[in-house]
Amino acid sequence: MNKQFVLILLLLIVISLSFIGCSQPGQETIESTEAINPSPTNIQTITYTPQPTNTIKPTSTPEPKQTFTPSPPKEVKIKEVPLAGPIANPKAQISGMAWHGDTLIILPQYPEKGPAISTNPSLFILTKNEIIDFLNGSIPGPLTPTRISILGGSLLSQVPGYEGYEAIAITGDKVYLTIEANDSGRMAGYLVEGTYIPEQGTVHIDPASLIELPLPAQIFNYAYETLISTDSNLLTIYEANGIELNPTPFAIRADKSSSSFEEIGFRHIEYRMTDATDMDENGRFWVTNIFMPIEFWLYTESDPIFEKFGKGATHAETINVERLLELQYNGEEISLTETEPIQLELDKEINARNWEALVALDNMGFLAMTDTYPDTILAFIPFPEK
């Protein structure tokens, strides 16, 4: 073998051994110590950022919820009908009114004394025509009511502690009246009837018809001030029916043809009830409902009627109450209707108006009169504007 051949053979053997040493299975080639111990600067820091919750967004922005604040009820401004003669004196103490056809009969509390007394105890009358003519501006005021005599024989001697007449109702020529009495501190209420004779200008009271009525409560100076006539009965309502003063209120239904009567259901109504209009064909009628600060025992902080319907502008400024309420008789009981009360616009210059007489005036509104406070006022109350 020549030297050249031997050198080539040795070179091939060396190359083969090198290849076998570098290619053992399961072994990795480590290039440097840097791969084993990397420096901290070469560590990749991964920061986790949470993704927002996938909420459903409305397609449109909802309108803000509106709060409804009802406007206060409108009050009715009265129109005063000026009066002249004895009835204009506040000592006349008017306590009721009723229609006899187109004649308005006005009842003083004490027909037998004060400005009412003349030759005989007196009632007073005005005609519907002269009232309407004044309201229309056809005639000037004041209006002067005419006297008529009330004749009662021995009636007053039959009423211990007599304190005057309080209410009047008329059916045909029949006149019905309630009387209040204070018999040594015990309050009592009476019902009596009479007859109106227009051509004589007299009302004749029948003393034999007098009956005493039970009272639902004993309150000083309070009895029956509201009297309503139906076809065959009379209804009379006690003056105070607030929940604290009169826990178990009732009204009285009296038979016109006899002296029989019975108690019927009535609901709590705060403040005083002082007179009523005639009843319509649906059994509905209106009553005066008032509060004067001088009668502080009637005050309440919870009046369901104001809470339901709200207070008018002048009522919101005082504790005084001057309003008309609509009631209904269903044959068994008397209750409030859903009709909104008629609130009178209060006179800020007057401490109180003691409305004690009320009648309806056709389809125009009402006529009301005061007793003593602030003086004798005859007022027209128009129906509220719709």
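Details
- Taking other C-beta atoms within 10 angstrom as a stand-in for reagent exposure, Trp297, Trp355 fall in the order Trp297, Trp355, fewest first.
- If R0 is taken as 25 Å, the Cβ-Cβ distance between Lys74 and Asn182 corresponds to a FRET efficiency of 0.05.
- Computed from the alpha carbon atoms alone, the convex hull of the stretch 79-382 holds 130 Å³ per residue.
- DSSP-assigned coil residues among GluC sites (Glu not before Pro) in the stretch 287-337, each with at most 12 further Cβ atoms within 10 Å: Glu301, Glu332
- For the set Lys79/Lys311; Lys128/Lys174; Lys77/Lys348; Lys113/Lys256, the pairs lying more than 23 angstrom apart at their alpha carbons are Lys113/Lys256.
- What the phi angles of the stretch 218-226 give under the Karplus curve with 6.51, -1.76 and 1.60, with θ = phi - 60°, is a coupling list of 10, 10, 3, 6, 10, 8, 9, 10, 10 Hz, glycine and proline written as x.
- Averaging the Cα positions of each part gives two centres, and for the stretch 328-386 and the stretch 114-177 these lie 19 Å apart.
- Neighbour-count ranking [beta-carbon atoms within 10 angstrom, fewest first] of Met273, Met187, Met369: Met187, Met273, Met369
- Taking other Cβ atoms within 10 Å as a rough exposure proxy, Leu361, Leu104 sort from fewest to most as Leu361, Leu104.
- Relative contact order of the stretch 79-382: 16 percent, from C-alpha pairs under 8 Å at least 6 residues apart in sequence.
- Cα shape, the stretch 188-294, gyration tensor, a/c 1.5 rule: prolate
Read-outs: derived from the displayed coordinates by stated rules, not from any lab. Predicted model, so just to flag it, every value in this text is computed and none were measured. We place every Cβ from the backbone using ideal geometry, glycine too, and count neighbours over all the protein chains shown.
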